[in-house]
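The values are calculated or read from the model by the stated rules, or taken from the named source; none is laboratory data. Computed from a predicted structure; not experimentally measured. Every residue, glycine among them, receives a Cβ derived from its backbone with ideal geometry; neighbour counts consider all protein chains shown. We work out accessible area using only protein heavy atoms, side chains counted, and drop any ligands, DNA or RNA first. Shrake-Rupley method; radii C 1.70, N 1.55, O 1.52, S 1.80 Å.
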Amino acid sequence: MRQILVFVAIVAGLVAAAATYGVATAQACDTNYWNVGCQTYSPGQRHTSPIPCCGSYNSSYSTFNNYSTSEQIWNDMQGHWLGSQVVSYGTTVHWITNGDGNEALGCYNNNSGNQFINCREYAGWG
Amino acid sequence: MRKRLIVPLGVAALAAIAAALAFVVIPGSASAKAGSQIQPLATASVPPIFKSGIASSASAAGLATSDLIEITSTGVQPARSGLVLGHGSAGELVAMFAPKDFTSFVSPAQMLNGQEIAAFASAQPGTDGQVGHVQLNGVASSNVSKAVLDLADGSTIQVQLVQAGHAGYSFFTYATDSVSTFPQAIHAFNTTGSEIATQDVRKDIAHPTG
């Protein structure tokens with residue numbers, strides 16, 4: 001009986017691991033790097049950095065799951081939208097921002113279902 | 001059989017230049033409203049800051065900057081969006097640019113992600129804060145012979161497919177500042193006229209308010 005329980009536990013663990021493997025890349029999150037965060041976005045949901053930026057040249061970058069595209073966005077700190085760019089996985093967007101220190105870059109789910117997105121912004125076009 | 005555009009002398013000269021730069025650029029069937037123009041990035045009218053930024057990005061991706069080709073939409077003048085194609089040890093790579101941004105260089109295969117056609121939208125607000133300017137840049141597989149856009153006013157428009165590089169992909173652009181001609185979906189057709197792919201772009205151009 002004990003052996004059966006151990007077997008079931010092992011199988012359950014393997015099934016759980018297999019279910020999460022496909023999204024492992026999108027879920028790994030060092031928030032020092034992914035400074036806009038790593039989280040599930042519902043359709044039409046957006047997140048931008050809580051810390052205002054920018055000089056005139058800034059970049060955003062994302063990885064994501066479930067769909068072939070995601071969207072990166074440029075807002076002001078009051079939430080007004082200034083620009084957006086749909087991208088494929090692992091694409092960086094280099095923005096010409098206003099340089100007024102009242103802006104933020106981030107990510108947006110342009111798809112019809114939930115999407116897990118790792119999102120970051122950084123200064124410069126490197 | 002894909003229709004060949006009758007190329008005016010000036011564009012033919014540019015095409016000759018492009019060919020000399022090791023890219024084969026063949027304009028596909030054209031629409032007067034949804035055409036694309038092709039020229040070396042070095043002589044393009046892209047703002048200088050973009051040109052240097054794109055060239056730096058290309059260099060970082062291992063591309064020869066002297067080979068960079070720009071494809072821009074003729075829909076909005078002066079052209080403010082399009083694609084930049086480059087060739088290097090990593091193969092052929094593509095970047096996109098819009099009025100306020102440009103992307104890193106990625107492979108056409110990555111852009112397609114197994115699909116026959118992929119359109120990437122960029123958008124900016126008008127003076128009322130709502131979507132006022134929309135651009136589409138995209139890539140189609142070698143199976144696609146024709147691509148047609150559904151527009152917001154119910155009309156359709158065929159987009160010019162531009163063959164470039166040696167991997168069989170074609171590229172297209174579209175830009176508009178008019179809500180009535182905002183793109184809604186793109187349809188891809190093969191040489192027999194059968195529709196082989198559709199992409200709804202309405203969510204891609206929507207005002208991201210959520």
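Across segment B:55-89, the number of residues qualifying as under 21 Å from B:His166 (Cβ atoms), of a type in the set (Val, Ile, Thr) and either out of contact with any Asp or Glu (no Cβ under 8 Å at 6 or more places or on another chain) or in contact (Cβ under 8 Å) with a residue 60 or more places away in the chain (or both) comes to 3.
Looking at A:Leu105, A:Leu82, can you tell me which residue is buried (at least 24 other Cβ atoms within 10 Å of the Cβ) and touching a Lys or Arg at 6+ places or on another chain (Cβ under 9 Å)?
Numbers: A:Leu82 fails: buried (at least 24 other Cβ atoms within 10 Å of the Cβ).
Sole residue among the options that is buried (at least 24 other Cβ atoms within 10 Å of the Cβ) and touching a Lys or Arg at 6+ places or on another chain (Cβ under 9 Å): A:Leu105.
Of the residues in segment B:46-68, none is under 15 Å from the mean Cα position of the chain (by Cα) and polar (S, T, N, Q).
Could you check segment B:107-131 and list, in sequence order, the residues that are more than 12 Å from A:Val86 (Cα to Cα), within 7 Å of another protein chain (Cβ to nearest Cβ) and under 14 Å from the mean Cα position of the chain (by Cα)? Listed by number, the list is empty, since nothing qualifies.
Taking into account only those residues within segment A:108-120 that are part of a strand (DSSP E or B) and open to solvent by 20 Å² or more (accessible area, probe 1.4 Å), which is farthest from A:Ser59 (Cα to Cα)? Full working, then the answer.
Keep residues of segment A:108-120 that are part of a strand (DSSP E or B), which gives A:108, A:115-120.
Applying the additional criterion that residues be open to solvent by 20 Å² or more (accessible area, probe 1.4 Å) yields A:116, A:120.
On the way: A:Phe116: 20, A:Arg120: 8 Å.
Once the filter is applied, the top-ranked residue is A:Phe116.
Look at (1) buried (at least 16 other Cβ atoms within 10 Å of the Cβ); (2) under 15 Å from B:Ser104 (Cα atoms); (3) within 11 Å of chain B (Cβ to nearest Cβ) and you find that A:Gly90 fails only one, number (1). Look at (1) open to solvent by 40 Å² or more (accessible area, probe 1.4 Å); (2) under 25 Å from B:Ala95 (Cα atoms); (3) within 11 Å of chain B (Cβ to nearest Cβ); (4) not in a strand (DSSP E or B) and you find that A:Asn66 fails only one, number (3). Condition check for B:Phe172 on (1) open to solvent by 20 Å² or more (accessible area, probe 1.4 Å); (2) not in a helix (DSSP H, G or I): one failure, at (1).
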